[in-house]
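Heads up: the structure comes next, in structure tokens.
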Amino acid sequence: MTSHTKYLWFETKKRQEIIDITEEVEEALRVSGIREGMILVSAMHISASVFVNDHEPGLWHDILHWLEHTVAPWDPKRYQHNDTGEDNAAAHLRSLVMGHEVIVPVTTGKLDFGPWQRVFYGEWDGQRRKRVVIKVLGE
Amino acid sequence: MTSHTKYLWFETKKRQEIIDITEEVEEALRVSGIREGMILVSAMHISASVFVNDHEPGLWHDILHWLEHTVAPWDPKRYQHNDTGEDNAAAHLRSLVMGHEVIVPVTTGKLDFGPWQRVFYGEWDGQRRKRVVIKVLGE
Amino acid sequence: MTSHTKYLWFETKKRQEIIDITEEVEEALRVSGIREGMILVSAMHISASVFVNDHEPGLWHDILHWLEHTVAPWDPKRYQHNDTGEDNAAAHLRSLVMGHEVIVPVTTGKLDFGPWQRVFYGEWDGQRRKRVVIKVLGE
């Protein structure tokens, strides 16, 4: 089994942001030379997500709106975690709902994706430096 | 490392449907000959899910009801994504909550599952041809 | 590819409980001798979760409160699944939201985690013996 590891750094302008990282994942695969296997793409923070969905700005708006109005409102007064001096408990809950990592299949040297599938970094508590790890494993 | 890749096709009669695919996953494992490793079972569309849960029709009803009434109501007017001409934004959100893929452990040539664990395809925008990829990786 | 498999047993005192299992995952990695690869940590029951988040008791309280008041109230009368004689349909839904398994990257013999990341077992229907499987895969 061969492996190749790469880190992506982010420092978003907005506190919440959704960023398409599919090209960075494809580049890591290219460098690895792996033809059959998988790619683990994982947030290295517990107030962020990695997920697969659609490259469509209206949908990104819907996701952010839904996280605030249905899933976990930001309002810091709702959460005990914020008694520690933090205000980001909602970002932790959003990370749990949206997922922490994805595994992308690799077949004949390519991401084995259907139409429209893209990999995203979801930043739920940004405006500071954070990381994602990409790990390609296979032959 | 050995790998074996198989695709499943679906075209559901209903727009939302939950389908047990455990036997297809076991068949892919048998064909692979792999004894120790893992199986990636992943939706190839962003309006569907793969997840592990219970083979119990009452629970499938509960999941579909909960997706509609608690998680993400279908009502197309709620979502900006649907301004593109789609009506399936809710299916995207349901895919995020229910999960995109699962990794099943393989030990001594079998799915290393506890009692009651089964693999399901969750179709959130069906009545058209869609795919799942099964990738067995190991030795 | 080398593999190492370990099982953890739980029998929680409370029906819902969140338990940090990071040290057990690190111990399985140590025993495996693997330097590059991944660790699959997966619940073997469909009313439990494995997830990555923060070692902070206020946050654990927030998660349990949010599962009851926002995600899936326990109230057995809400769910058809409970017509089978069970009362734990809510535990199944919580398992779907919180996730079934995680994949932890392994780089140079260590969990390749960012600051604050820890692995947790989430018990949503406890007070009985249940299991988690840890599978280390790599070289």
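Just so you know, all these numbers are worked out from the coordinates, no wet-lab data involved. Quantities reported herein were computed from a predicted structural model and do not represent experimental measurements. Positions of Cβ are generated from backbone atoms using ideal geometry, with glycine treated the same way; all protein chains shown enter the neighbour counts.
Shortest first, C:G58 label-point distances to identical copies amount to 4.1, 4.1 nm, with the label point at 7 Å from Cα along Cα→Cβ. With the label put 7 angstrom out from Cα along the Cα-to-Cβ vector, C:E11 ends up 5.3, 5.3 nm from the copy partners, going from closest to farthest. Short-range pairs are left out: with C-alpha atoms under 8 Å and at least six residues apart, the relative contact order of region C:10-139 is 53 percent. Note on A:125-132: average number of Cβ atoms from other chains within 10 Å of each residue's Cβ is 1.
Counting only other residues whose beta carbon sits under 11 Å from that of B:N53, what net charge do I get with K and R as +1, D and E as -1? Here the charged neighbours net out to -3. Ranked for footprinting exposure by Cβ neighbours inside 10 Å, fewest first, C:L8, C:L96, B:L137 give C:L8, C:L96, B:L137. The charge dipole of region C:99-139, taken about its Cα centre with unit charges on the Cβ of Lys, Arg, Asp and Glu (plus for the first two, minus for the last two), comes to roughly 240 debye.
Mean per-residue shielding of peptide B:114-122 is 3, counting Cβ atoms of other chains within 10 Å of each Cβ. Applying both filters, DSSP loop and at most 10 other Cβ atoms within 10 Å, to the trypsin sites (Lys or Arg not before Pro) of region B:1-110 gives B:K13, B:K14. Computed from phi, the 3J(HN,Hα) profile of region B:14-20 under the Karplus parametrisation 6.51, -1.76, 1.60 (θ = phi - 60°) reads 9, 5, 10, 7, 10, 10, 6 Hz, with x in place of Gly and Pro.
Neighbours of C:I19 by Cβ distance under 12 Å: Lys/Arg scored +1, Asp/Glu scored -1, total -2. Per-residue 3J(HN,Hα) values for region C:24-37, derived from phi via the Karplus relation 6.51 cos²θ - 1.76 cosθ + 1.60 with θ = phi - 60°, read 5, 5, 4, 5, 4, 5, 4, 4, 5, x, 6, 10, 9, x Hz in sequence order (x marks Gly and Pro). Computed about the Cα centre, the dipole magnitude for the protein assembly as shown is approximately 440 debye when only Lys and Arg (+1) and Asp and Glu (-1) carry charge, each at its Cβ. For q = 0.08, 0.11 Å⁻¹, what log10 I(q)/I(0) does the protein assembly as shown give under the Debye formula with an equal point scatterer on each alpha carbon and no solvent? Treating every Cα as an identical point scatterer, log10 I(q)/I(0) equals -0.38, -0.76. Phi-derived couplings, Karplus 6.51 cos²θ - 1.76 cosθ + 1.60 at θ = phi - 60°, listed residue by residue for region C:122-139: x, 9, 10, 7, x, 6, 7, 6, 9, 10, 10, 9, 10, 10, 9, 10, x, 10 Hz, with x used for Gly and Pro. When B:T22, A:T108 are sorted by how many other C-beta atoms sit within 10 angstrom of their C-beta, beginning with the fewest, the order is A:T108, B:T22. Taken over region C:11-139, the convex hull of the Cα atoms encloses 104 Å³ per residue.
Checking the cross-link pairs A:K130/B:K110; A:K14/C:K135; A:K135/C:K135; A:K135/C:K13; B:K110/C:K13 against a 28 Å limit on the alpha carbon distance flags A:K130/B:K110; A:K14/C:K135; A:K135/C:K13; B:K110/C:K13 as lying beyond it.
The mean number of Cβ atoms from other chains found within 10 Å of a Cβ in peptide A:20-31 is 0, as a whole number.
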